[in-house]
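Working notes, beginning with the structure itself.
The values are calculated or read from the model by the stated rules, or taken from the named source; none is laboratory data. The model shown is predicted, which means the values in this text are computed figures rather than measured ones. Counting neighbours? That spans all protein chains shown, and the Cβs are built from the backbone with ideal geometry, glycine included. When the accessible area is computed, the model is the full protein with side chains, heavy atoms only, and any ligands, DNA or RNA have been set aside. Shrake-Rupley method; radii C 1.70, N 1.55, O 1.52, S 1.80 Å.
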Amino acid sequence: MFDFIDRIPKLIDRQVPGRGRLLLVVGAALLGASIFLPLWQIHLVAPQYQEGLDLYIHSYKLEAGNEGQDLKEINGLNHYIGMAPIKDEDFAEMTFIPFLLGGFSLLALRGAFFGTVKSVVDTLVLFVYFGAFSMWRFYHQLYTYAHNLNPRAPMDIEPFTPILIGWKKIANFTQYSYPREGSALLLGAVVCFGTAIWMGVRSGRETAAPDADERSDAEAMSA
C-alpha cells in the first residue's frame with residue numbers, strides 16, 4: 001500500500017492520450033449543456049390532481065408545469081399545511097451555480113490543453129465535491145421547508161422530509177422525485193473525466209513495459 005502511495009506523484013504526472021483529451025472536451029461540452037436543462041423534477045399526484053403537479057429545478061431557476069400554474073397550486077396547498085411558499089429567492093445558490101458549471105467546463109478544457117492526469121484529477125475532485133455539496137444543499141432545503149411549519153395553519157400535519165430520489169406518500173399526495181436530463185449530463189461528464197484519468201494512467205503503464213523489454217534486450221546483447 002505504501003508503495004502505491006509513493007507512486008502516486010509519478011502516476012498523476014503522466015500524459016493523457018489523445019482520445020482521453022477528446023473525452024475532456026466532450027465532458028466540458030456536457031457541463032455547458034447541463035446549464036440549460038432541468039436537473040431535477042418533483043411530481044405530485046393526488047385524487048384532485050390526477051395529471052399531477054410538476055416542479056422542475058434548473059441550475060439557475062425553478063420552473064413549474066402548466067406554464068407556471070403548478071407552482072401557484074403547490075404554494076396554495078403548502079399554505080394549508082403551514083409550509084412557506086416555494087420561490088427562487090430561497091435558492092441563493094442558483095445565482096452562481098451556472099457560473100461554477102462554466103468554470104468547471106473551462107477547467108476541463110484546461111486539462112485537455114495541458115494533458116496531464118494531475119490537471120484532470122484536480123477538476124474531477126473539485127467537481128465531485130461541488131456535486132455532493134449541491135445535493136446536500138438541495139436535501140437541506142427540502143427538509144427546512146417541510147419542518148418549519150406554521151402551527152396556526154388550517155391543516156395540522158406532522159413535520160416531514162420530502163424524498164430526494166424515489167416516491168413517498170405525504171397525506172393524500174404521492175411525491176415523486178428524480179433526476180432529469182441535466183443531471184444525466186453531469187454524470188456523463190464525471191464518466192468522461194474518470195475515463196480520461198484511467199486512460200492516462202493506463203497509457204503510462206503500457207509505455208513503461210516496452211522500455212523494460214528494451215533494457216532486457218540490451219543487457220542480453222552486452223552479455
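When each of the peptides 132-138, 42-48 is scored by the mean number of other C-beta atoms lying within 10 Å of its residues, the order from highest to lowest reads 42-48, 132-138.
Multiplying the residue separation of residue 165 and residue 92 by 0.36 nm and subtracting their alpha-carbon distance yields 24.1 nm. Counting protein heavy atoms only, the stretch 76-211 has 68 percent of its accessible area on carbon and sulfur, 1.4 angstrom probe. Between 70, 156, 13, the GNM of the chain built on Cα springs shorter than 10 angstrom shows 156 fluctuating the most.
Using heavy atoms of the protein chains and a probe of 1.4 Å, the accessible area assigned to residue 118 is about 90 Å².
Only one item in (i) 1.00; (ii) 1.04; (iii) 1.19 matches Rg/Rh (Cα atoms, Kirkwood Rh) derived from the coordinates shown, and that item is (iii). Solvent-accessible area per residue in the chain equals 60 Å², computed with a 1.4 angstrom probe and all protein chains kept.
Here the spin labels are modelled as points 7 Å beyond Cα on the Cα-Cβ line, and at residue 67 and residue 122 they lie 5.0 nm apart. Figure legend: label point modelled 7 angstrom from the Cα of residue 129 along Cα→Cβ; no residues of the stretch 76-116 have amide N under 13 Å from it.
Could you let me know the centre-to-centre spacing of the stretch 6-79 and the stretch 140-193, using Cα atoms, in angstrom? Measuring centre to centre over Cα atoms gives 14 Å.
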